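The values are calculated or read from the model by the stated rules, or taken from the named source; none is laboratory data. Small disclaimer: the values here were computed from a predicted structure and weren't measured. Quick reminder, even Gly has a Cβ in these numbers, built from the backbone with ideal geometry, and neighbours come from all protein chains shown. The protein model used for the area step is the full one, side chains on, heavy atoms only, and it has no ligands, DNA or RNA in it. Shrake-Rupley method; radii C 1.70, N 1.55, O 1.52, S 1.80 Å.
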Amino acid sequence: MKILLSNDDGYRAEGLQALKEAIKPLGAVTVVAPDRNRSGASNSLTLDVPIRAARYDADCYYVNGTPTDCVHLAISGLFDFEHDLVVSGVNDGANLGDDTLYSGTVAAAVEGRFLGLPAIAVSLCVEPGSPRNFAGAARVAASLVQRLSVAPLQGPVVLNLNVPDLPDDQLLGIRVTRLGARHRSKPIVRAQDPRGRNVYWVGNAGAGQDAGPGTDFHAVAHGFASVTPLQIDFTRHAALPELERWLST
């Protein structure tokens with residue numbers, strides 16, 4: 001099995017190294033990751049400047065682009081072989097609910113799905129003072145990879161895996177969940193640069209709003225890893241007849 005690893009925290013990130021170590025026993029691993037932190041890049045492709053890839057270790061490359069660039073290059077011609085699976089992470093922070101729309105970690109997995117491969121996005125739900133157990137989250141991801149290798153899911157699929165930042169003996173298992181939703185994000189933070197010019201920082205994400213039983217928020221809060229199957233079709237199918245009526249009046 002040939003497995004492509006990527007992330008959005010950059011090729012030096014602790015989570016990526018932990019994921020590589022956990023996945024290595026399961027197949028031939030190739031890493032293609034951004035040359036710096038590209039969190040929040042979502043599904044952006046670099047189209048206005050050339051993209052460069054450089055090797056930093058055996059079968060490991062960094063790219064001066066987004067997570068989507070990394071996966072696109074790796075699958076679309078950077079190598080003379082085909083991959084079987086894309087795994088992205090382990091992200092330094094949760095990707096729950098609405099986070100999936102902004103996440104570069106999820107975007108890397110989605111690009112794999114666009115190009116016909118099953119994919120997993122892996123995130124560690126760190127909290128202030130939590131142990132930052134990237135290795136534990138990577139082991140949960142490896143267990144899903146092993147299961148996929150034995151019993152593949154039907155068609156190209158994206159699994160969004162969020163693991164609470166707990167010691168291994170406190171993790172209660174894995175729950176299949178739907179995406180929850182967050183409250184509105186916090187206001188922007190205003191500041192000034194050394195020349196007195198206004199600058200702005202995006203505010204922190206809001207707390208969970210739709211976070212009840214069955215959601216990814218609820219599973220993680222209660223000590224379970226959350227795995228959510230994602231689909232790419234944004235169409236609100238139930239609204240199509242209403243829109244037809246609205247346009248015809």
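Which lysines does Lys2 reach when only Cα atoms under 17 Å apart count, and residues fewer than 8 places away in its own chain are ignored?
Straight-distance partners of Lys2: Lys20, Lys24.
Just the number, please: Stokes-Einstein D of region 12-76 in µm²/s, Kirkwood Rh from C-alpha pairs, 10 °C, 1.306 mPa s.
Rounded, D is 127 µm²/s.
Using modelled amide H (1.01 Å from N, peptide plane; none on Pro or chain starts), what sits under 5 Å from the amide H of Gly40, excluding residues fewer than 5 places away?
Under 5 Å from the amide H of Gly40 lie the amide H atoms of Gly104, Thr105, each far enough along the sequence or on another chain.
Heavy atoms only, 1.4 Å probe, whole protein assembly: order Leu153, Leu161 by accessible area, highest first.
The residues order as Leu153, Leu161, largest area first.
Between Ala119, Val176, Gln192, whose Cα lies farthest towards the positive end of the dipole of region 93-209 when Lys and Arg beta carbons carry +1 and Asp and Glu beta carbons carry -1, centred on the Cα centre?
Highest projection toward the positive end goes to Gln192.
For the chain, what is the Kirkwood hydrodynamic radius in Å, using each pair of distinct C-alpha atoms?
It works out to 18.9 Å.
Taking all protein chains together and a probe of 1.4 Å, list Asp9, Asp59 from the most accessible to the least accessible.
Asp59, Asp9
With every protein chain in place, what's the accessible area of Ser103 (1.4 Å probe, Å², nearest 10)?
Only protein atoms counted, so the area is about 10 Å².
When only the heavy atoms of the protein chains count and the probe is 1.4 Å, how do Phe114, Phe224, Phe234 rank by accessible area, highest first?
These residues rank, largest area first, as Phe234, Phe114, Phe224.
Roughly what would the spin-label model give for Asp80 and Ile174, points 7 Å off Cα along C-beta, in nm?
3.6
If you line up the Cα atoms of region 116-249 on their principal axes, what length do they span on each, largest first, in Å?
56, 51, 31
Short version: ³J(HN,Hα) in whole Hz for each residue of region 139-156, in order, from phi by Karplus 6.51 cos²θ - 1.76 cosθ + 1.60 (θ = phi - 60°), x for Gly and Pro, what are they?
For region 139-156, the Karplus curve yields 5, 5, 4, 4, 5, 6, 4, 4, 5, 5, 5, 8, 9, x, 6, 6, x, x Hz.
At a probe radius of 1.4 Å, what is the per-residue accessible area of Tyr56, in Å² to the nearest 10?
Around 70 Å² of this residue is reachable by solvent.
Measuring from a point 7 Å past the Cα of Asp57 along Cα-to-C-beta, which residues in region 1-30 have an amide N at less than 14 Å?
The answer is 5-7, 10-25, 29-30.
Leaving out ligands, DNA and RNA but keeping every protein chain, what accessible area does Glu127 have, in Å² rounded to the nearest 10, with a 1.4 Å probe?
Its accessible surface works out to 120 Å², give or take rounding.
Roughly what would the spin-label model give for Ser130 and Ala238, points 7 Å off Cα along C-beta, in nm?
3.1
With a 1.4 Å probe and every protein chain kept in, tell me what percent of the accessible surface of region 94-243 is carbon plus sulfur.
Taking all protein chains in place, region 94-243 shows 56 percent carbon and sulfur surface.
Quick one: putting +1 on the C-beta of Lys and Arg, -1 on the C-beta of Asp and Glu, what dipole do you get for region 111-249 around its Cα centre, in Debye to the nearest 20?
With Lys and Arg at +1 and Asp and Glu at -1, about 400 debye.
Please report, to one decimal in angstroms, the Kirkwood hydrodynamic radius of region 118-197 built from all distinct Cα-Cα pairs.
Value: 15.7 Å, from the Cα pair sum.
Take Lys186 and Lys2, extend 7 Å from each Cα along the Cα→Cβ direction, and tell me the distance between the two endpoints in nm.
4.5
Find the centroid of the Cα atoms in region 163-178 and in region 5-52, then give the distance between the two in whole Å.
24
Could you give the length gained by full extension between Glu21 and Leu101, i.e. 0.36 nm per residue of separation minus their alpha carbon distance, to one decimal place?
26.0 nm
By a straight-distance test (C-alpha under 20 Å), which lysines pair with Lys186 as possible cross-link partners, with residues fewer than eight away in the same chain excluded?
List returned: none.
Only Lys, Arg, Asp and Glu count, each charged at its Cβ (+1, +1, -1, -1), so figure out the dipole size of the chain about its Cα centre, rounded to 20 debye.
For this selection, approximately 420 debye.
What accessible area per residue, rounded to a whole number of Å², is obtained for the chain using a probe radius of 1.4 Å?
Roughly 55 Å² per residue, with all protein chains present.
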